[in-house]
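J.: The structure under discussion is supplied below as structure tokens; questions concerning it will follow.
The values are calculated or read from the model by the stated rules, or taken from the named source; none is laboratory data. These numbers come from a predicted model, not from an experiment. For neighbour counting, all protein chains shown are included, and Cβ atoms are generated from backbone atoms with ideal geometry for every residue, glycine included.
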Amino acid sequence: MQQNPVANSADFSAGSNVALIRWLTYLMFMMFAMTTDSVGVIIPQIIRQFGLSMAQAASFQYATMVGIAAAGVLLGYLADKIGRKRSIILGLALFTLNSYLFAIGHAVAFFILLLAVSGCAIGIFKTGALALIGDISNSTRQHTSIMNMVEGFFGVGAIIGPAIVARLLTAGLSWQWLYVIVGTVCASLIVIAALLRYPAMQKVSAEPIDLKRTLSMMKNPYALGFSLGAFFYVATECAIYVWMPTLLQDYRGPALLIATYAISIFFVLRAAGRFLGAWLLARFNWSAILTLLSLAIFGCFLASMIGGSAVAVYSLPLTGLFMSVIYPTLNSKGISCFHKSEHGTIAGVILFFTCAGAALGPLAMGALSDAFGHARFGFILATAYSAVLCAGLAVNWIFNPARNQLSDRDAGDYAAARSSG
């Protein structure tokens, strides 16, 4: 059943708690990152366990991403149609039940199926959560700030998850128990989500909220532009957390300790950078910052390809610091170009392209690495991803095509929220 009342800050403050809503959103992102960003340390285990090639093992990455992408584009509109609360609880419940099934699995095909279902669940509650961020924001700038905080907690989850896997393996237990642990955390979030009162949703048109609207939105130049930016960013980022452990597994140089903890260093730098991102973006032009950071990322990838593993052991983990604010800012600006009543749908569109990059990027790298016999050939492709990202962000900085659209939203939806608060 569609929610009709017009949202306003007064109603929200009186009937619900903004701080708790934010913390629920932070914890949701942290929780699912514990699984999605652990794939880099799980892949070497399943390669040995099941005798898989690198391209085959990449299915543990793209199965989840295909599920998220499918849910984003096919079900993202649910956050606008049935409401943020219902879509969040629906997705969390499916994720919880599916996570416990990992404990009984013994076959690759079964795990891939569970990962795909897990991805669908993430897609449902994540679009609800992203739409909710718009509901509790009073400006496009605040939206970007909250989004960076949300992704900061995602970064924390990306640190915790691999650490849990490492501890499980050290104790002689299977990586599968990670999903049971995360499923239990998710169950507690369902209780919190059910008890909270959410802000009312805005409705600015009588246009049907359905899949047709989602598909038509994919043709919108703002939706397409920010979505393509997300695609190439995520393809670049996934190169690090999916394949960097494999690239550096044979490293025997003086930085062996760094090589051993390279992915943890990357995640720590990415999380730290995202918490600093809110401060940085509040003081400087966002398009300029993103361009300079993407140039630094390209430089790190290029240096690693020229200098080999002796340089890559330092330069690739360092990219985490530069990657920190790019995705949440692209995501925020893309969503903010649209009315709040469309935030669930546009979040699903951007999420589709995000996960397409997360699935296709590492898959292509794995296939190229298999064809030429070493992971460094996959990283040559990843360097190309980073070059395209840098070029696209430079064009955005120079021409700033979304400036008027974002100004209109600030003067419209967000101004209405401020004046009623």
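J.: What is the residue count in the range 247-274 for residues that are under 15 Å from Ile326 (Cβ atoms) and either crowded, with 21+ Cβ neighbours inside 10 Å or among the aromatic types (Phe, Trp, Tyr) (or both)? Break it down into steps so the answer makes sense when it comes.
T.: Initially, the range 247-274 is screened for residues under 15 Å from Ile326 (Cβ atoms), giving 266, 269-274.
Add one more test, that the residue is either crowded, with 21+ Cβ neighbours inside 10 Å or among the aromatic types (Phe, Trp, Tyr) (or both), and what stays is 266, 270-271, 273-274.
Result for the range 247-274: 5.
J.: When you scan the range 363-389, how many residues do you find that are of a type in the set (Gly, Ala, Ser) and within 13 Å of Phe301 (Cα to Cα)? Before the answer, list the steps.
T.: Taking the range 363-389 as the starting set, the residues that turn out to be of a type in the set (Gly, Ala, Ser) are 364, 366-367, 369, 371, 373, 375, 378, 382, 384, 386-387.
Then drop every residue that is not within 13 Å of Phe301 (Cα to Cα), which leaves 378, 382, 384, 386-387.
Qualifying residue count, the range 363-389: 5.
J.: Among the listed residues Cys120, Cys186, which satisfies the condition of being surrounded by fewer than 24 Cβ atoms within 10 Å (Cβ to Cβ), touching a residue at least 40 places away in the same chain (Cβ under 8 Å) and under 27 Å from Thr214 (Cβ atoms)?
T.: On the way: Cys186 fails: surrounded by fewer than 24 Cβ atoms within 10 Å (Cβ to Cβ).
Just one listed residue meets the conditions, Cys120.
J.: Given the residues Ile164, Ile209, which is the only one that is buried (at least 17 other Cβ atoms within 10 Å of the Cβ) and in contact with a Lys or Arg (Cβ under 7 Å, 6 or more places away or on another chain)?
T.: That would be Ile209, the only listed residue that is buried (at least 17 other Cβ atoms within 10 Å of the Cβ) and in contact with a Lys or Arg (Cβ under 7 Å, 6 or more places away or on another chain).
J.: Restricting to the range 338-384, what's the tally of residues that are in a loop (DSSP other than H, G, I, E, B) and out of contact with any Asp or Glu (no Cβ under 7 Å at 6 or more places or on another chain)? Write out each step before concluding.
T.: So the first thing to find is which residues in the range 338-384 are in a loop (DSSP other than H, G, I, E, B), and the list is 338-339, 373-374.
Subsequent filtering for residues that are out of contact with any Asp or Glu (no Cβ under 7 Å at 6 or more places or on another chain) retains 338, 373-374.
Total meeting the criteria: 3.
J.: Which of the following residues is among the aliphatic types (A, V, I, L, M), buried (at least 24 other Cβ atoms within 10 Å of the Cβ) and assigned to a helix (DSSP H, G or I): Leu330, Leu292?
T.: Working: Leu292 fails: buried (at least 24 other Cβ atoms within 10 Å of the Cβ).
Within the list Leu330, Leu292, the selection yields Leu330.
J.: Restricting to the range 247-260, and then to whatever is touching a residue at least 24 places away in the same chain (Cβ under 8 Å) and assigned to a helix (DSSP H, G or I), can you tell me which residue is farthest from Ser315 (Cα to Cα)?
T.: Selected residue: Leu247.
J.: Let me ask something else about it. Only residues in the range 275-287 that are buried (at least 19 other Cβ atoms within 10 Å of the Cβ) count as the first member; pair them with residues that are part of a loop (DSSP other than H, G, I, E, B) and modelled with pLDDT of 80 or more, Cβ under 7 angstrom, at least 6 apart or cross-chain, and list the lot.
T.: Gly277/Ser324; Gly277/Val325; Leu281/Val325; Ser287/Asn400
J.: Cβ-Cβ under 9 Å, sequence separation 6+ or interchain: first residue in the range 392-421 and at pLDDT below 80 and surrounded by fewer than 17 Cβ atoms within 10 Å (Cβ to Cβ), partner hydroxyl-bearing (Ser, Thr, Tyr) and in a helix (DSSP H, G or I). Which pairs?
T.: Filtered contacts from the range 392-421: Arg418/Ser9; Ser419/Ser9; Ser420/Ser9; Gly421/Ser9; Gly421/Ser13.
J.: Condition test on Met34, is it assigned to a helix (DSSP H, G or I), at pLDDT 90 or above and touching a Phe, Trp or Tyr at 6+ places or on another chain (Cβ under 7 Å)? Steps first, answer last, please.
T.: On the way: assigned to a helix (DSSP H, G or I): yes; at pLDDT 90 or above: yes; touching a Phe, Trp or Tyr at 6+ places or on another chain (Cβ under 7 Å): no.
No.
J.: Within the range 218-246, work out how many residues are over 25 Å from Val325 (Cα atoms) and assigned to a helix (DSSP H, G or I). Quick ask: steps written out before the conclusion?
T.: We begin by selecting, within the range 218-246, every residue over 25 Å from Val325 (Cα atoms); these are 219, 246.
Among the residues that remain, those that are also assigned to a helix (DSSP H, G or I) are: 246.
Residues in the range 218-246 being over 25 Å from Val325 (Cα atoms) and assigned to a helix (DSSP H, G or I): 1 in total.
J.: So, of the residues in the range 53-80 that are outside any helix (DSSP H, G or I) and modelled with pLDDT of 90 or more, which turns out to be farthest from the chain's Cα centre (by Cα)?
T.: Taking the range 53-80 and keeping what is outside any helix (DSSP H, G or I), we get 53, 58, 76-77.
Filter once more, keeping what is modelled with pLDDT of 90 or more: 76-77.
On the way: Gly76: 15, Tyr77: 18 Å.
Across the range 53-80, the extreme among qualifying residues is Tyr77.
J.: Residues being assigned to a helix (DSSP H, G or I) and either in contact (Cβ under 8 Å) with a residue 60 or more places away in the chain or touching a strand residue (DSSP E or B) at 6+ places or on another chain (Cβ under 6 Å) (or both): count how many of those fall in the range 81-96. Quick ask: steps written out before the conclusion?
T.: Of all residues in the range 81-96, those assigned to a helix (DSSP H, G or I) come to 81, 84-96.
Applying the additional criterion that residues be either in contact (Cβ under 8 Å) with a residue 60 or more places away in the chain or touching a strand residue (DSSP E or B) at 6+ places or on another chain (Cβ under 6 Å) (or both) yields 81, 84-85, 87-89, 92-93, 95-96.
Of the residues in the range 81-96, 10 are assigned to a helix (DSSP H, G or I) and either in contact (Cβ under 8 Å) with a residue 60 or more places away in the chain or touching a strand residue (DSSP E or B) at 6+ places or on another chain (Cβ under 6 Å) (or both).
J.: A follow-up question, please. It is to be established whether one or more residues within the range 173-183 are part of a loop (DSSP other than H, G, I, E, B) and in contact with a Gly (Cβ under 8 Å, 6 or more places away or on another chain).
T.: As a first pass, look at the range 173-183 and keep what is part of a loop (DSSP other than H, G, I, E, B): 173-176.
The next check asks that each one be in contact with a Gly (Cβ under 8 Å, 6 or more places away or on another chain); those that pass are 176.
Yes: the range 173-183 contains one or more residues that are part of a loop (DSSP other than H, G, I, E, B) and in contact with a Gly (Cβ under 8 Å, 6 or more places away or on another chain).
J.: Residues in the range 231-255 that are under 15 Å from Ile297 (Cα atoms) and of a type in the set (A, V, I, L, M, F, W, C): how many? Before the answer, list the steps.
T.: As a first pass, look at the range 231-255 and keep what is under 15 Å from Ile297 (Cα atoms): 232-241, 244.
If we keep only those that are of a type in the set (A, V, I, L, M, F, W, C) too, we end up with 232, 234-235, 238-240, 244.
Looking only at that region, the number is 7.
J.: Looking at the range 87-101, can you tell me whether even one residue there is over 17 Å from the mean Cα position of the chain (by Cα), modelled with pLDDT of 95 or more, farther than 24 Å from Ser216 by Cβ and crowded, with 21+ Cβ neighbours inside 10 Å?
T.: Initially, the range 87-101 is screened for residues over 17 Å from the mean Cα position of the chain (by Cα), giving 87, 89-90, 93-94, 96-101.
Those still in the list that are modelled with pLDDT of 95 or more too: 87, 89-90, 93-94, 96-101.
Next, from what is left, pick out any that are farther than 24 Å from Ser216 by Cβ: 89-90, 93-94, 96-101.
Those still in the list that are crowded, with 21+ Cβ neighbours inside 10 Å too: 98-99.
Yes, that holds for at least one residue.
J.: Kindly provide the set of residues from the range 297-313 that are surrounded by fewer than 18 Cβ atoms within 10 Å (Cβ to Cβ) and either assigned to a helix (DSSP H, G or I) or of a type in the set (Ser, Thr, Tyr) (or both), ordered by number.
T.: To start, the set of residues in the range 297-313 that are surrounded by fewer than 18 Cβ atoms within 10 Å (Cβ to Cβ) comprises 299, 302-303, 305-308, 310-311.
Matches in the range 297-313: Gly299, Leu302, Ala303, Met305, Ile306, Gly307, Ala310, Val311.
J.: Looking only at the range 193-204, decide whether some residue is farther than 29 Å from Thr35 by Cβ, touching a Ser or Thr at 6+ places or on another chain (Cβ under 7 Å) and of a type in the set (Val, Ile, Thr).
T.: yes
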